Amino acid sequence: MGPAGPALFCYQMATDDTLQEHTAHSAAPSEPRLIIEPGLPARVAVIVEPVIEQLGYRLVRVRVSAAEGCTVQIMAERPDGTMTVEDCETVSRALSPVLDVADPIDRTYRLEISSPGIDRPLVRKSDFERYVGHVAKIETTLPIQGRKRFRGLLIGTDGEAARIRRDDAAEGEEAEVLLPIEEMSEAKLVLTDQLVTEALRREKSAKREAREARKEVRREERQSRHRPQRPAAKGGE
């Protein structure tokens, strides 16, 4: 299956047809990220997020690392949490010229587009709701109940906070804790058999939907080509 981290990386450019197909879609529903990156990645995020949303995707995370000199990694996904290789190619095709013009990095870098991976970051309120029943690791910017690091089962949200059931709670200690999402510096899923099974199911469903969408586009194109054209009306008639 490969590594548990971000699973889809693309270095190819998408075809013009693929790009046109995606830009014809409506923009992704806007839901703000509550956990955002600081510094240079934040500046890159401001540039790329509107482009990604216009294509119908959502930005998950931006990371700038020293890998291979300098690597700008951009995680994105569809609103349903899936992301195919073709989706990565589409995003890469759209972002490359935008970043070339904006030039937020003061040195040569490699652009890397990926899916969030199986043990993915959680950045929006809907992420914590979608993965209820799965285990997450969370780190907060300030201590909550005397600690900054938490691990436990996601059991829902309450307003702009996530509720988890700690798996290290001592006997007689309250296991459930409510953590404000905006006060988290990082939150991500923990790789479990249950999570892998669900991720594979989502991926299979996304591929099936993508195939059906491509078939529908080709069907409409064939119908358009074979549709008889009405002759232009003659003047005076």
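The values are calculated or read from the model by the stated rules, or taken from the named source; none is laboratory data. Everything numeric in this text was worked out from a predicted model, so none of it was measured. Cβ coordinates were reconstructed from backbone atoms using ideal geometry, including for glycine residues, and neighbour counts include every protein chain displayed. Areas reflect the complete protein model, heavy atoms only, side chains present, ligands, DNA and RNA absent. Shrake-Rupley method; radii C 1.70, N 1.55, O 1.52, S 1.80 Å.
Structure values in brief
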| read-out | value |
| --- | --- |
| All positions within the range 124-151 that are at positive phi and in contact (Cβ under 8 Å) with a residue 12 or more places away in the chain | G133, Q145 |
| Residue that is farthest from P32 (Cα to Cα) [pool: residues in the range 181-226 that are open to solvent by less than 50 Å² (accessible area, probe 1.4 Å) and assigned to a loop (DSSP other than H, G, I, E, B)] | T192 |
| In the range 50-91, the residues that are out of contact with any Leu (no Cβ under 7 Å at 6 or more places or on another chain), in contact (Cβ under 8 Å) with a residue 12 or more places away in the chain, part of a helix (DSSP H, G or I) and not charged (D, E, K, R) | Q54 |
| Of all residues making up the range 86-104, the number that are of a type in the set (A, V, I, L, M, F, W, C) and over 28 Å from K125 (Cβ atoms) | 3 |
| Residue selected from the range 122-152 under the condition at pLDDT 95 or above and of a type in the set (K, R), by the criterion farthest from V177 (Cα to Cα) | R124 |
| Pick from the range 161-175, criterion charged (D, E, K, R) and surrounded by fewer than 12 Cβ atoms within 10 Å (Cβ to Cβ), ranking: farthest from P38 (Cα to Cα) | E171 |
| Members of the range 173-187 that are touching a Gly at 6+ places or on another chain (Cβ under 9 Å) and charged (D, E, K, R) | E176 |
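Condition check ((1) open to solvent by less than 30 Å² (accessible area, probe 1.4 Å); (2) within 25 Å of L153 (Cα to Cα); (3) not charged (D, E, K, R); (4) not in a helix (DSSP H, G or I)) across all residues:
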| residue | (1), (2), (3), (4) |
| --- | --- |
| I35 | yes, yes, yes, yes |
| A45 | yes, no, yes, no |
| P97 | no, no, yes, no |
| E112 | yes, no, no, yes |
| V132 | no, yes, yes, yes |
